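What follows is a set of notes on a single structure, which appears directly below.
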Amino acid sequence: MCTSTKRSDGEPDVNTSPPNSGATARDSEGAAQEWPAAAADNARRLRVSSNAQATALQTSANTDPSGLWGPLAARSLYFFHDQRRAWLRLDQASGQWLGWAADGASAAGLSGGAAAWSPWGAVVRQEGGPHTARWFVGAKTNAAFNECDEPVLAGGGAETAFLCEPVSGPARRLSRRELLLRSTLAARALRDALGTTPSPRIAVHLPNGEEAVVWIQAAKRIGVPFVAVAAGTSAMTLSSRLEDVGAALLITSSGLAAASREAAAATPRPPRALLAGPASGDEDWSDRELVSLLWRVEPPVPVEASHPLFILYTSGSTGKPKGIVHSHAGFQLGLAAPAASPPVAGFATASESPDAAASTAAAARAAPPSTGDVLLVIATPGWITGQAYMISAALLSRTPSVLLDGSPVSPPDRFAAVIARHRVSVLKAGSTFLRMIMTNPEAEAMLARHDLSSLRLGTFCAEPVNSVVHDFAMRHLTPNYINSYWATEHGGIVWSRCHGNDDQPLQPDARSWPLPWIDAAVLVADGEGWREAAAGEKGEVVIRRPYPYMALTVRRPRCDRAHEGMRRANGVAEP
């Protein structure tokens, strides 16, 4: 499923059979009747305070994925009930399906407890191998509803969604209701621009600021897959992305218009261009009135759980195909479940209880908005860490997120000044970024000039880390700096550290462990088979079983008819 080079030191016991061996057609049916019974027991099962408990949870996740992921999905995401025309989630306190009617945004619900409804026919369906796994088969949801509409319906419209730091000028606060308003109007503009284009896809080529988030949320709202391309991307690379995804529309800004025009001109089937611009709206309505009015303009479209959400391109290689496709439900579950499940408490601080467990919400989960956490991710929407944690996880957990446009080290202490100015408590920055900081001979003195005491947590991501960089981060940023790993195809964190686990001590040694629901191994090719890597030996990092937030598929050009046929046969919409 994925390979990388990684030391096997500190890895828990793993099954050393060859990757993907013995895959057979499997369907976790019975979900409509059996999975609700697991909801009450799920909290206890997710508590991890030892490697033995982690192994037990992994075994449970492998043998009964419906029992683990079904209750988490029901409590974490809203799904659309076609007959009731309502967005519903299983309320943890009452045990009832509660939510909002699609007509008028009034309160809605079902009586009869968890068993009153199952949004899906099967929690997971696997046919032939991990790459064909489909999650929450038959369910409908929408990423924009979960991220934008629901927090406003719940009365959080005045909360800060993003703290926008432009290249020049003062920082700006973007509230949740303003994000909802602007993204809904942008969604209407998208629908009008796309017209009757069949299976449309769009490209978003904007600076790392509020406009990028607005248009990304607009695409999610109407169920149009998008590719986000970083502002600094060359015209040649942008053209390659446009051609590969077959983008019908390119969203850009006046500052990037020249590069966008050059890229479009070099594309065999150039997309239409739409220039993004600032917009504002009336703030006189209550949160629920605003949602009700906006749903008359452009309501969130219920889409299949496996409907393509976005396409991102892996960096560091030139091989093709490389467009990674993620879906609405699975991708969001990997970010939202910890916020809805107290035992899966995100990355707990060192002082928190041993019952806290690591989770895929990782650095972005933090705590309820009342605690005042603020998240800073050194990333752009064109990177998986930007899509996952800077945007989606921050919105799902109602944690304000900083959008840092331009270079975080121009001037050299810019990122440190931003941390101090916004009292950032959770920092997500990769080892490459920190190594760049370390090359500055004045790095330690520069950091000491800023008040970084608000930081309670830091995490690496998606890059090799050594003990020297880890030690620097723990000494000069926060002693609670952990090593997390994942890449574009993983969707969210798959290796990290359970803070309540005494078998996983926090030391500046760059160690990382598979999360309890990840069936991972470090294997070495040995003749015709595979064997487990010995301590200190490098090998291939392999994930042997599917999980909901892994990549849906790999995007191939439409001319690849054979691959398209396979995708259709497996019930996957054209990404």
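The values are calculated or read from the model by the stated rules, or taken from the named source; none is laboratory data. Treat the numbers as computed from the prediction; the structure is a model and nothing was measured. So basically every Cβ, Gly included, is an ideal-geometry build from the backbone, and we count neighbours across all protein chains shown. Ligands, DNA and RNA are stripped out before the accessible areas are found, and what is left, the full protein with its side chains, is counted by its heavy atoms. Shrake-Rupley method; radii C 1.70, N 1.55, O 1.52, S 1.80 Å.
Given a cut-off of 17 Å, what percent of all Cα-Cα pairs of segment 473-515 lie beyond it?
Within segment 473-515, distances greater than 17 Å cover 34 percent of Cα pairs.
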Going by Cα centres, segment 508-542 and segment 235-272 are how many Å apart?
40
In what sequence, largest accessible area first, do SER397, SER94 appear using a 1.4 Å probe?
SER94, SER397
When every protein chain stays in place and a 1.4 Å probe is rolled, LYS538, LYS140, LYS322, LYS428 sorted by accessible area with the largest first are LYS538, LYS140, LYS322, LYS428
Whole-Hz Karplus ³J(HN,Hα) for segment 83-99, in order, using 6.51 cos²θ - 1.76 cosθ + 1.60 and θ = phi - 60°, x for Gly and Pro?
5, 7, 6, 8, 8, 10, 9, 6, 6, 5, 6, 8, x, 10, 7, 10, x
What net charge is computed for the residues neighbouring ASP103, neighbours being all others with C-beta under 11 Å from the C-beta of ASP103, Lys and Arg scored +1, Asp and Glu -1?
+3
Convex hull volume of the Cα atoms in segment 177-292, per residue, in Å³?
91
Extension gain GLU537-ALA107, at 0.36 nm per residue separation less the Cα-Cα distance, in nm?
149.1 nm
HN-Hα couplings for segment 285-295 via Karplus (6.51, -1.76, 1.60; θ = phi - 60°), in whole Hz with x for Gly/Pro, come out as 8, 6, 4, 5, 4, 4, 4, 4, 5, 5, 5
Taking amide hydrogens as modeled 1.01 Å from N in the peptide plane, which residues meet the under 5 Å criterion relative to PHE310, leaving out close sequence neighbours?
PHE226, HIS326
Heavy-atom SASA rank of THR252, THR237 (probe 1.4 Å, accessible area, largest first):
THR237, THR252
Label points 7 Å out from Cα along the Cβ direction at ARG269 and HIS450: separation in nm?
4.5
Of the accessible area of segment 420-517, computed with a 1.4 Å probe and all protein chains kept, carbon and sulfur make up a percent value of 52
